[in-house]
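First comes the structure, then the notes that go with it.
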Amino acid sequence: MVELTYRAPLLGLPDTWVVSGCLFQTAWNVLSGQTPTHGIKDYDLFYFNASDLSAESEAKINRHGAEIFSDLDCEIDIRNQARVHTWYESEFGVREYPQLRKSTDGIDNFLAVCCMVGVRRQSSREIDVYSPFGVEDILNRVMRPNPWYLNAPVDFYDRKAQRWSALWPDLKVEPIDGASISSESQAQRFEV
């Protein structure tokens, strides 16, 4: 994960972030004494390029990424957040997915608060962390619905909850219909 974060700028893509599962699941693994890669299906990178919304371009970028990261022995999935609205309904059944303006908008639309995290390396080699609700749910191993995602697909959330509970039995899962995050915490954004 660290190597992926440091190499991501080699792709030369705008607004690139390493996001979600590979971050919070690595933390859950470390906290529960598992190997750091336990249960991680793939490593997701987001970028934002509104000038090219083609699936072909995204596929080409994924092939290039596979070359750059070939020695890391993991599956990499690189997605242009500028084009998510063009395929989200057909893949997840959610109508009227918003057209995003930047990569972190994609993070803001994840199903669960614990998923809402991204990191990127700046040219100065400093690491930015984006996590609009902080990292408490990650550290406390809690899966709760994203209160900003009002029309989230319940079946998809439930499938993730079942898979993750099997991999991390100490995970506390809050059902999607029981979201209760205060408006005070909704207003704060955690950026380092």
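Structure notes:
- Amide hydrogen neighbours beyond the local backbone of residue 143, cut-off 5 Å, H modeled: 172, 173, 174
- Under the Debye formula (equal points on every Cα, no solvent term), log10 I(q)/I(0) of segment 15-63 at q = 0.17, 0.18, 0.32 Å⁻¹: -0.61, -0.65, -1.15
- 4 °C / 1.567 mPa s Stokes-Einstein diffusion coefficient of segment 16-105, Kirkwood radius on C-alpha pairs, µm²/s: 90 µm²/s
- Accessible area per residue in Å² at 1.4 Å probe, computed on the chain: 52 Å²
- Here residue 102 sits with roughly 80 square angstrom of accessible surface, probe radius 1.4 Å.
- Over all orientations, the chain has a Cα convex hull whose mean projected area works out to 10.8 square nanometres.
- Seen from residue 13, the other residues with C-beta closer than 11 Å to its C-beta sum to a net charge of -1, counting Lys and Arg as +1 and Asp and Glu as -1.
- Per-residue ellipticity at 222 nm, computed for the chain from helices alone with -39500 (n - 2.57) per DSSP H run of at least four residues, works out to -9500 deg cm²/dmol.
- Carbon plus sulfur fraction of accessible area for segment 1-158, probe 1.4 Å, in percent: 49 percent
- Summed residue charge, Cβ within 10 Å of residue 69's Cβ, Lys/Arg positive, Asp/Glu negative: -4
- Label point distance in nm, residue 129-residue 172, each placed 7 Å from Cα along Cα→Cβ: 2.0 nm
The values are calculated or read from the model by the stated rules, or taken from the named source; none is laboratory data. Quantities reported herein were computed from a predicted structural model and do not represent experimental measurements. So basically every Cβ, Gly included, is an ideal-geometry build from the backbone, and we count neighbours across all protein chains shown. These area figures cover heavy atoms from the full protein model, side chains too; ligands, DNA and RNA do not enter into them. Shrake-Rupley method; radii C 1.70, N 1.55, O 1.52, S 1.80 Å.
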